[in-house]
Structures are given as C-alpha cells and as structure tokens.
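The values are calculated or read from the model by the stated rules, or taken from the named source; none is laboratory data. Every value quoted in this text rests on a predicted model; they were computed, and no experiment measured them. Cβ: placed from backbone, ideal geometry, glycine included. Neighbour counts: every protein chain shown. Heads up: the accessible areas ignore ligands, DNA and RNA and are worked out on the full protein's heavy atoms, side chains in. Shrake-Rupley method; radii C 1.70, N 1.55, O 1.52, S 1.80 Å.
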Amino acid sequence: MLRFTDEHEWLRLEGDVATVGITPHAAEQLGDLVFVELPKVGAKLTKGEAAAVVESVKAASDVYAPLSGEVTEINEAAVADPASVGADPQGAGWLYKLKLDDVAAMDGLMDEATYAAFAG
C-alpha cells in the first residue's frame, strides 16, 4: 500500500513497517540534493514533527513524520549520496523505515490519485 502526505512524503507499508521518503514532486522542487540528515534508529517519532532534513543548493527542508512510530532502519546510502534521493525518490532514495504505532492511520493519508491531484 502506497500513501502520501500533504507535506510531500510517501509511505509504502509492509506489515506494520512503513518505508518513508520524499515524493518525486518534492525532489523536483528541491533540485540537486547535497545533504541528508536522518533520524536515529530507535527514535520515537510523533506525526507531524520534523524527522529528517534534506538540503539542496536552493534550500534546506524538513521532512516530517507522516505517522507516529519508531524508526527501525535508515538509508545510509542516502546520507552518503544525497543525490540518490533526488534521482530515485520512491526507490533507492528512501529515507527511513518506521514501525507504525497504528497501522490503521495509513487510511487517513492520500492515495496516489488524490496526491497527484493535490500536487498538481
């Protein structure tokens, strides 16, 4: 199941763990990424709080926790090569994995068609 937030994050759910990243729309708006800062494994995130930072030559942007949960894994490759996030934001450029406190909360996020209309 793939879902999106109005802050331009995507989530792909596998069991009760969601892989999180920025959308292609966000990556395009940011331009070439030069720095990525991710949360620590084991960090407890609350929906809506800043969880990560992506920085481009244009600006630094917070990436917000799309739902509440615990970080189980981070993408070290994204930290080592920030450009990979912009090049493949919904693939190799994922940011972190989040064990969700409430899997049913995914239902409150946008599906692909709704997000496409939202992002315009």
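Picking from residues in the stretch 75-115 that are open to solvent by 40 Å² or more (accessible area, probe 1.4 Å) and within 11 Å of the chain's Cα centre (by Cα), the one that is nearest to residue 37 (Cα to Cα) is 94. Looking across the stretch 27-71, the residues that are farther than 15 Å from residue 89 by Cα and open to solvent by less than 10 Å² (accessible area, probe 1.4 Å) come down to 65, 66, 67, 69, 71.
Whenever a residue of the stretch 15-29 is within 20 Å of residue 106 (Cα to Cα) and assigned to a strand (DSSP E or B), its partners that are hydroxyl-bearing (Ser, Thr, Tyr) and modelled with pLDDT of 95 or more, lying with C-beta atoms within less than 8 angstrom and at least six residues away or across chains, give the pairs 17/72; 19/96; 20/96.
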